[in-house]
Amino acid sequence: MYYRTMSLQQLYQLLLEHPQKGFQIVVERYQKPLLSYITYKSFFAGNVEDVFQETMYRAYKNISSLKNPERMYAWLCGIALNVIREYGRRHHLHLPLREELLETSRPPEVTSDIATKISLLPEMYQQVVVLKYLDGYSYKEISDLLRIHISTVRSRLFEARKILRNTMEGEQ
Amino acid sequence: MNNCCYYQELIQAEIDRENTSAEKEELHAHLRKCGHCCKEYESFLKLDQNLNSFFSELKEQKLQYTKINPFKKISSINYWKSRFKEWGSNVGYCLKVSAALAVFSIMCLLFVTFIWNFSAQLRQVTWSSPNHENRLLSPLWFYSRYEQEEEFEKYYFLLFEEGNGRL
Ligand SMILES: [Zn+2]
């Protein structure tokens, strides 16, 4: 029971002392949102399981590179994003990541897709949107996971919606 | 309009079902009389429906991954790591055992040598017998070979003397 309620600092300490035990708690805590994030990010590639396994493996192997335990979830998402990009390059998949889409002008039928529109949002907005819509998390749960204030969660969601709505209205 | 900023926040919270019942009532009372906020509310509601329909598709996709074993890759690596460790410790064990055996056999050899030399001194009398063949069976016969030859000559010399110059 103690393991479920332990703080991130305590969890980090456990990770350094007993990596296997600590990592089990990390998985227990972050598996669900991380899987959602990867499912969403791999929407165009569809190799969720490989990406997830690889992310978990890299996180486990490089746990010592996590400097700020408060940013554990963001760190895991960062690893996942790198893995997705590598897979994309290796398998020559076109993953409409934000940078790529901003660089190249995509044909209108692609840009009209809502998935593409969300992927054009800044990364921090995307994270909040995914947690809200895919996992159905409340403001409080999102703020706990991302270690940001509830008002920040609310404003990020609001900003994301404003951008999405404006791009949709601009098309009509 | 300044007032409407506050209701914009309530609109977001309403879409996210985070409003208390009092806030809910307050918002709807405002929506009834403010056309601007009403329009905003409708547009965000439409967007919310679009997002929900997109993400419900993803939710279905995600369902097939709920049974993923997050330790699959990690444990496969741990398996080889532990096998390697096991192998390494086995090699270490073998080395230790063989070192111990080597030390033990050297000790045995030294002991046998000592016993042999000691008993040889005790049996020195019998050495003068012509039946010296058994001495060659000694594991260290090559050490005492020169000595044996000397003894042998001495024995024949004695015989020679006893036989008055005839063998
Ligand atoms: Zn208003």
A correct fewest-to-most ranking of A:V128, A:V27 by other Cβ atoms within 10 Å would be A:V27, A:V128
Direction-averaged shadow area of the convex hull around the Cα atoms of the range B:2-64, nm²? 4.8 nm²
Cα-Cα pairs in the range A:107-172 separated by more than 19 Å, as a whole percent of all pairs, come to 33 percent
Sparse-neighbour loop sites [trypsin sites (Lys or Arg not before Pro); the range B:26-72; at most 14 other C-beta within 10 Å; DSSP]: B:K67
At q = 0.15, 0.20, 0.21 Å⁻¹, what log₁₀ I(q)/I(0) does the range A:1-86 have when each alpha carbon counts as one equal point scatterer in the Debye sum? -0.52, -0.88, -0.95
Let me check I've understood the local charge: for A:Q53, count other residues with C-beta under 12 angstrom from its C-beta, Lys and Arg +1, Asp and Glu -1. What total comes out? 0
Could you tell me the calculated FRET efficiency between B:E18 and B:Q64, based on Cβ-Cβ distance and R0 = 22 angstrom, to the nearest 0.05? 0.15
For the range B:42-105, what does the convex hull of the Cα positions come to per residue, in cubic angstrom? 79 Å³
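Just so you know, all these numbers are worked out from the coordinates, no wet-lab data involved. Because the structure is a prediction, the values reported are computed rather than measured. Cβ atoms come from the backbone with ideal geometry, glycine included; neighbour counts cover every protein chain shown.
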